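For reference, the structure discussed in these notes is given below.
The values are calculated or read from the model by the stated rules, or taken from the named source; none is laboratory data. Bear in mind that the values here come from a model prediction, so they are computed numbers and not experimental data. Here Cβ is always computed from backbone atoms with ideal geometry, including for glycine, and neighbour counts include all displayed protein chains.
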Amino acid sequence: KTEKTWWKEAVVYQIYPASFADSNNDGLGDIPGIVSKVPYIKSLGVDTIWLSPIFASPQHDMGYDISDYRSIHAPYGTVEDVQGLIDELHANQMRILMDLVVNHTSDQHAWFQESRSSRTNAKSDWYFWRDPKVDSKGNRNEPNNWKSIFGGSAWHFDESRGQYYLALFLPSQPDLNWQSEQMRQATYDDMRFWLDRGVDGFRIDSMNLMSKHPDLPDGKVVDDEPYQSGAEFFASGPAMHDYIREMRRGVFDHYDAMTVGELGFTKDEFSVSQYVAKDRKELNMLFTGDIVDMDFGPDGKYSRDDFHPSKIRKITDLWQTAMPKFDGWNTVYLDNHDSGRSLSRYASDAPQHRATAAKMLATYLLTLSGTPFMLAGQEIGMANLGKEYGPDAYIDVEGKNHYNAVLKARGGDESQMQDVMTELQLKARDHGRLPMQWDDSANAGFTSADAKPWMTINQDYVKWNVASQLDDGASVLSYWKQMLVLRKQYNDLLVYGSYEAVPESTTGEDVFAYKRSSAETGESAVVFLNFSDRAQRIPASKFRGYSVLCSNQGSSGVEDDHVSLVPFGAVVLYDRRRD
Ligand code: TEU
């Protein structure tokens with residue numbers, strides 16, 4: 001039986017600082033803006049916030065390129081402002097997670113400036129520096145064939161050292177060399193700086209990239225492109241677990257800090273267990289990328305494989321049944337700042353379905369075992385930018401790099417880009433970063449009417465905003481609040497209960513259904529989720545006598561031996577053993 005802890009019972013609300021609330025009308029969200037919304041966040045029924053990076057940064061990757069971990073990006077505020085936010089949250093019995101980006105820094109970080117200055121300085125090995133590979137014709141080449149996650153080679157030549165440095169993301173995000181004991185200790189000091197100020201834990205960015213194969217071997221060649229993934233040599237490398245244990249013993253354990261590792265490239269049950277099995281004493285929980293990759297095709301993010309309900313069933317089944325085997329814990333999430341909105345990708349934002357579909361996804365997130373993470377705006381059914389927005393509406397570096405690379409390969413012909421636009425409309429990171437839609441005033445109440453917002457505001461805000469949903473008992477927002485109350489009320493069952501899938505042979509392929517049971521309280525719940533735009537009728541005689549705990553369909557649709565679901569319908573049945 002799993003031990004009960006606060007972080008298992010938490011519900012986390014992700015805030016993208018640039019896009020939440022602007023207090024000084026410069027068009028960019030900020031810390032005082034977030035403070036002003038603490039009562040709203042509390043009223044939702046969530047108890048923890050996760051802030052994407054707010055630290056000093058040249059903002060080449062929206063703050064995931066940090067130049068100083070101990071100061072705050074000036075337009076967002078100051079360290080004092082952040083202290084005010086921490087204190088305000090704590091005064092309201094809420095907690096705060098920060099984003100810990102220590103796989104890489106900005107090239108503007110003092111550490112990198114020093115490291116690149118010579119081959120002999122004290123920080124010369126804090127990053128990955130390698131001599132060029134010189135070929136038979138005397139040409140200078142990259143040390144290996146690894147491809148950057150944002151495109152092109154992962155290696156960049158630096159004139160002052162006459163060497164290449166490794167950067168798995170942007171050229172301005174050099175990877176830190178975790179083999180350096182001094183470098184590790186310096187990042188631990190930065191972590192303590194924030195934990196000492198009351199931060200309750202970290203979401204650890206690109207966590208499993210911190211240990212690379214020490215020889216940095218060439219990646220497996222799978223096509224005739226000049227650069228190859230190489231992930232088999234830079235993800236979950238040989239010292240990964242040593243680093244995490246050192247971090248936990250040396251830092252996190254002294255503060256009861258909550259840890260959520262972002263785990264890319266590592267997908268199999270055994271490898272995942274090594275991070276979160278209780279007896280390993282490493283991380284509390286993980287984001288496995290598979291849930292935001294369900295519509296990625298064979299050539300990566302911007303190639304297509306249509307979403308199908310069987311995919312979410314498979315991934316959910318895998319982790320819900322795996323975690324109890326090794327007494328591990330996991331997150332439950334569908335959205336983050338790196339993806340399109342799940343509503344638009346995995347359900348439907350079509351006007352006739354949007355509210356129902358958003359509530360169905362909320363039902364999924366809040367009835368599974370694991371710590372739910374929601375992205376600000378999810379509670380009002382915020383959606384992707386529609387097809388009326390052209391390439392200029394998209395400003396994120398990942399999507400732009402992809403668009404420009406394809407455009408170049410096609411000889412610069414803009415009329416040939418429809419397929420790329422279709423993928424951006426589904427998956428671009430911009431959708432997860434849209435300014436929060438507070439009300440129907442100009443600029444959605446995110447910033448003043450005369451300010452210039454830092455990025456596109458989705459014009460559907462006129463209808464889809466917080467103010468219009470607050471007093472409407474049938475709104476998406478009201479449904480989220482009700483579900484969050486239920487999750488707390490049925491904590492033993494919904495947080496800690498066991499999980500069993502209802503077989504696809506019973507539900508049909510479009511409906512995902514599962515049963516949660518608590519041996520402790522004798523309660524069970526059965527959750528039916530219709531992931532299609534067609535009505536469904538599911539045999540349910542096994543659940544005769546169950547009552548309806550909640551539903552997103554006006555009339556519940558429960559008969560003696562069937563559950564009827566409207567398109568994107570969701571029904572949760574409930575029973576308490578009476579013996
Ligand atoms: O993302 C890590 C990561 O692996 C990304 O490639 C992610 O899969 C991609 O953005 C999906 O489109 C983290 C952050 O979440 C992301 O915002 C940063 O850009 C990245 O690290 C670099 O710090």
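For this structure, a couple of remarks:
- Criterion: outside any strand (DSSP E or B), more than 16 Å from the ligand (Cβ to nearest atom) and not polar (S, T, N, Q) - qualifying residue of Lys267, Lys220: Lys220
- In the stretch 407-428, residue surrounded by the most Cβ atoms within 10 Å (Cβ to Cβ) [restricted to those that are more than 11 Å from Pro391 (Cβ to Cβ) and within 16 Å of the ligand (Cβ to nearest atom)]: Lys427
- Members of the stretch 350-362 that are farther than 14 Å from Tyr333 by Cα and crowded, with 19+ Cβ neighbours inside 10 Å: Arg354, Ala355, Thr356, Ala357, Lys359
- Enumeration of residues in the stretch 316-333 that are in contact with a strand residue (DSSP E or B) (Cβ under 8 Å, 6 or more places away or on another chain) and among the aliphatic types (A, V, I, L, M): Val332
- Check on Ala277, of a type outside the set (Lys, Arg), within 16 Å of the ligand (Cβ to nearest atom) and touching a Phe, Trp or Tyr at 6+ places or on another chain (Cβ under 6 Å): no
- Within the stretch 466-502, the residues that satisfy the criterion of being of a type in the set (Asp, Glu) and out of contact with any strand residue (DSSP E or B) (no Cβ under 9 Å at 6 or more places or on another chain) are Asp471, Asp472.
- With respect to being more than 18 Å from Ser71 (Cα to Cα) and under 20 Å from the mean Cα position of the chain (by Cα), Ser43 falls outside the description.
- Applying the condition of being within 16 Å of the ligand (Cβ to nearest atom) and polar (S, T, N, Q) to the stretch 164-207 and asking which residue is surrounded by the most Cβ atoms within 10 Å (Cβ to Cβ) yields Gln173.
- Filtering the stretch 10-34 to residues that are within 26 Å of Leu365 (Cβ to Cβ) and either exposed (fewer than 15 other Cβ atoms within 10 Å of the Cβ) or among the β-branched types (Val, Ile, Thr) (or both) leaves Val11, Val12, Ile15, Ile34.
- Ala376 being under 21 Å from Gly473 (Cβ atoms) and in the same structural domain as His308 (by TED's automatic domain parsing): no
- Output for the stretch 79-105, where each listed residue is within 16 Å of the ligand (Cβ to nearest atom) and out of contact with any Leu (no Cβ under 9 Å at 6 or more places or on another chain): Leu100, Val101
- Residue match in the stretch 326-341 (condition: modelled with pLDDT of 95 or more and in a helix (DSSP H, G or I)): no
Here's the yes/no breakdown for (1) in contact (Cβ under 8 Å) with a residue 12 or more places away in the chain; (2) in contact with a helix residue (DSSP H, G or I) (Cβ under 7 Å, 6 or more places away or on another chain); (3) buried (at least 19 other Cβ atoms within 10 Å of the Cβ); (4) within 23 Å of Lys515 (Cβ to Cβ):
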residue: Asp293; (1), (2), (3), (4): no, no, no, no
residue: Asp299; (1), (2), (3), (4): no, no, no, no
residue: Phe326; (1), (2), (3), (4): yes, yes, no, yes
residue: Asn336; (1), (2), (3), (4): yes, yes, yes, no
residue: Ser348; (1), (2), (3), (4): yes, yes, yes, no
residue: Tyr364; (1), (2), (3), (4): yes, no, yes, yes
residue: Leu385; (1), (2), (3), (4): yes, yes, yes, no
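- Across the stretch 319-346, the number of residues qualifying as of a type in the set (Lys, Arg) and within 15 Å of the ligand (Cβ to nearest atom) comes to 2.
- Filtered by the rule that a residue be outside any loop (DSSP other than H, G, I, E, B) and either more than 32 Å from the chain's Cα centre (by Cα) or closer than 30 Å to Ala409 by Cα (or both), the stretch 117-156 gives Ser117, Arg130, Lys133, Val134, Arg140, Asn141, Trp146, Lys147, Ser153, Trp155, His156.
- Residue list for the stretch 41-85, restricted to those being farther than 20 Å from Asp200 by Cβ and in a helix (DSSP H, G or I): Ser43, Ala74, Pro75
- When the test is whether a residue is closer than 25 Å to Ser211 by Cβ and either touching a residue at least 60 places away in the same chain (Cβ under 8 Å) or more than 16 Å from the ligand (Cβ to nearest atom) (or both), Arg119 passes it.
Each row is one residue, and each column tells you yes or no for (1) among the acidic types (Asp, Glu); (2) within 24 Å of the chain's Cα centre (by Cα); (3) in a loop (DSSP other than H, G, I, E, B).
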{"site": "Tyr403", "(1), (2), (3)": "no, yes, no"}
{"site": "Asp419", "(1), (2), (3)": "yes, no, no"}
{"site": "Thr422", "(1), (2), (3)": "no, yes, no"}
{"site": "His431", "(1), (2), (3)": "no, yes, no"}
{"site": "Trp438", "(1), (2), (3)": "no, yes, yes"}
{"site": "Asp460", "(1), (2), (3)": "yes, yes, no"}
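- Val511 within 30 Å of Lys37 (Cα to Cα), outside the structural domain of Lys311 (by TED's automatic domain parsing) and of a type in the set (Val, Ile, Thr): no
- So Gly237, is it within 16 Å of the ligand (Cβ to nearest atom) and either closer than 20 Å to Ala277 by Cβ or assigned to a loop (DSSP other than H, G, I, E, B) (or both): yes
- Residues within the stretch 290-315 that are at pLDDT 95 or above and either in contact with a Leu (Cβ under 7 Å, 6 or more places away or on another chain) or not basic (Lys, Arg) (or both), tallied: 18
- Restricting attention to the stretch 54-66 and to residues that are closer than 24 Å to Ala257 by Cα and buried (at least 22 other Cβ atoms within 10 Å of the Cβ), the residue that is nearest to the ligand (Cβ to nearest atom) turns out to be Tyr64.
- Test: Thr288 is within 16 Å of the ligand (Cβ to nearest atom) and of a type in the set (Val, Ile, Thr): yes
- Matching entry among Phe512, Phe528 (being more than 23 Å from Lys1 (Cα to Cα), touching a residue at least 60 places away in the same chain (Cβ under 8 Å), part of a strand (DSSP E or B) and not aliphatic (A, V, I, L, M)): Phe512
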